[in-house]
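Below: the structure, in structure tokens.
The values are calculated or read from the model by the stated rules, or taken from the named source; none is laboratory data. Source: prediction; values computed, not measured. Positions of Cβ are generated from backbone atoms using ideal geometry, with glycine treated the same way; all protein chains shown enter the neighbour counts. Side chains are part of the model used for accessible areas, which takes the heavy atoms of the whole protein and leaves out ligands, DNA and RNA. Shrake-Rupley method; radii C 1.70, N 1.55, O 1.52, S 1.80 Å.
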Amino acid sequence: MLNTLQKTLLKLHNNKLFEFSVIGVIIFSSLLIGVKTYDLNPNYLFVLEVLDMGVTVFFLIEILLRFITTPNKKRFFHNAWNIFDTLIVTISLIPIDQSEYALLARLIRIFRVLRLVSAIPELRLLVNALLKALPSMGYVLLLMFILFYMYAAVGSFIFESINPVLWGDISISMLTLFRVVTFEDWTDVMYETMIVHPWSWVYYLSFIFFNAFVFLNMMIGIVIDKMQQEHESDEEGVHERLKRIEKKLDSLAK
């Protein structure tokens, strides 16, 4: 009887229709959060609260189902996404909506939108690759900061007399350079300094070349490399999970 129930729950958990249902409920939960930002009739708010509780109960059942169908229960919390989902669902069950922590409760419900990432493997792969790329990206950012600092110092020394608002000190100069590197009316800044220093276009173009093109492409390359590594490891993980599921089904059949 118990083996039959476990086998049924395992098939339900791996059913594509059930997976799409989970994704649909997460999207519906996100829409509920958005609707609550409008001024609504109290009767509608009550309906939204009931629907929100229903969504929370559904998430609780889904987490329990995922835990029950995990072959090795101890390894369930080795997965960071399982920990995240469990925390979000558990905190959502705490009745703090009418207390001084009501704002915290609303913020926690907003984070339920991130469950969409844990529910879709492709999004998980992207997020995992991005997180693993952060250390390498940090060195690129450090190099960018050094270049920003050097160019800001030069710009402050040379262009302060032209426009103190944009080049008054090194911190303001860095903000101006950030405006330049994001192409926010950067030509206006350049033409203003070119009136006094016609050669200043070299300053801006060289800065844009290094920061907007070279370093940006370096970051993209790092992320793509990590995505490829994550994709390869994910494929290996899928094969291992399929083997564990087959063993679990065989043991339940016996």
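Before moving on, here are some points about what is shown:
- Where labels lie 7 Å past Cα in the beta-carbon direction, separation of Y38 and F209 in nm: 5.3 nm
- Label-point gap, in nm, between A153 and T90 - each point 7 angstrom along Cα→Cβ: 5.0 nm
- Full-stretch length increase - E184, K73 - with 0.36 nm per residue and alpha-carbon distance subtracted: 34.7 nm
- Taking all protein chains together, I33, I146, I63, I91 sort by accessible area into I146, I91, I33, I63, largest first [probe 1.4 Å].
- Per-residue extension of 0.36 nm, minus the Cα-Cα distance of L143 and Q229, leaves a gain of 28.5 nm for this segment.
- Extension gain, M53 to L116: 0.36 nm times the residue separation minus the Cα-Cα distance gives 20.9 nm.
- Estimated vicinal HN-Hα couplings, Hz - the range 201-207 in sequence order (Karplus 6.51, -1.76, 1.60; Gly, Pro = x): 4, 5, 4, 6, 5, 5, 5
- Flagged links, alpha-carbon separation over 32 Å, of K11/K74; K16/K226; K36/K132: K36/K132
- These residues, D52, D169, go from largest to smallest accessible area, 1.4 Å probe, as D169, D52.
- List R179, R115, R66, R75, ordered by accessible area with a 1.4 Å probe, largest first: R75, R179, R66, R115
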